[in-house]
Amino acid sequence: MEGVGGDAASMASPVQQRANEAWRLYKYYLDKTTPHAVNRWIGTLVIAVIYCLRVFYVQGFYIISYALGIYVLNLLIGFLSPLVDPELDASDGPMLPTKGSDEFKPFIRRLPEFKFWYSMTKAFCIAFVMTFFSFFDIPVFWPILLFYWIVLFVLTMRRQIAHMMKYKYIPFNLGKQKYGGKKASGSRSRAD
């Protein structure tokens, strides 16, 4: 009974070990992209443009595009929403300030930026791969889908913007706040 209680890594097959190594390498490079937000979003934009060109070129896969649009809209709502919704949760946890005299609490997203980017990029990649299989190309009248998605987007964003105005939060970091204070009187420049 030498195998009982042995090391789990030695029990794994070579294929499982290679898959585990590949997964670790993938996670390593994914973690290295974390501080490079602009480059990540540029890459996602390139993938989205490639997907759009593919759909335009083959003149099909509108159902996949519609489903992708709904999924991206859902991700966007999670990205713009606070972690603790003041309408739904009246707990003692962190709340958004509603008055000017309230203590400042930073905006914490329900869906962090990295997960938003990662989910969106995966969605575009999966949708792109799906365009190579003809059974996903269901014939539909695409202008109706586009019109319905635009109406859904406008109504959802209007509700989200009304929520942001009601609870006075901005989900974007606009840089360091600048305050108009007194100017230092002792800082004159000398002309020598």
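Per-structure values
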{"quantity": "Test result for ILE126, out of contact with any Phe, Trp or Tyr (no Cβ under 9 Å at 6 or more places or on another chain), over 16 Å from LEU75 (Cα atoms), modelled with pLDDT of 90 or more and not in a loop (DSSP other than H, G, I, E, B)", "calculated": "no"}
{"quantity": "Any chance PHE132 is over 30 Å from PRO35 (Cα atoms), in a helix (DSSP H, G or I) and open to solvent by 90 Å² or more (accessible area, probe 1.4 Å)", "calculated": "no"}
{"quantity": "Total residues in the range 28-39, condition part of a helix (DSSP H, G or I) and either open to solvent by 80 Å² or more (accessible area, probe 1.4 Å) or of a type in the set (S, T, N, Q) (or both)", "calculated": "6"}
{"quantity": "Members of the range 119-138 that are touching a residue at least 12 places away in the same chain (Cβ under 8 Å) and more than 20 Å from the chain's Cα centre (by Cα)", "calculated": "MET130, THR131, PHE136, ASP137, ILE138"}
{"quantity": "Matching residues in the range 78-123 - criterion: being aromatic (Phe, Trp, Tyr) and either at pLDDT below 75 or open to solvent by 80 Å² or more (accessible area, probe 1.4 Å) (or both)", "calculated": "PHE104, PHE107"}
{"quantity": "Breaking point among (1) of a type outside the set (Lys, Arg); (2) open to solvent by 50 Å² or more (accessible area, probe 1.4 Å); (3) closer than 16 Å to ILE126 by Cβ, for GLY69", "calculated": "(2)"}
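The values are calculated or read from the model by the stated rules, or taken from the named source; none is laboratory data. It should be emphasised that the depicted structure is a prediction, and the values quoted were computed from it without experimental measurement. In this analysis, Cβ positions are derived from the backbone assuming ideal geometry, glycine residues included, and neighbour counts consider all displayed protein chains. Ligands, DNA and RNA are excluded from the accessible area calculation, which covers all protein heavy atoms including side chains. Shrake-Rupley method; radii C 1.70, N 1.55, O 1.52, S 1.80 Å.
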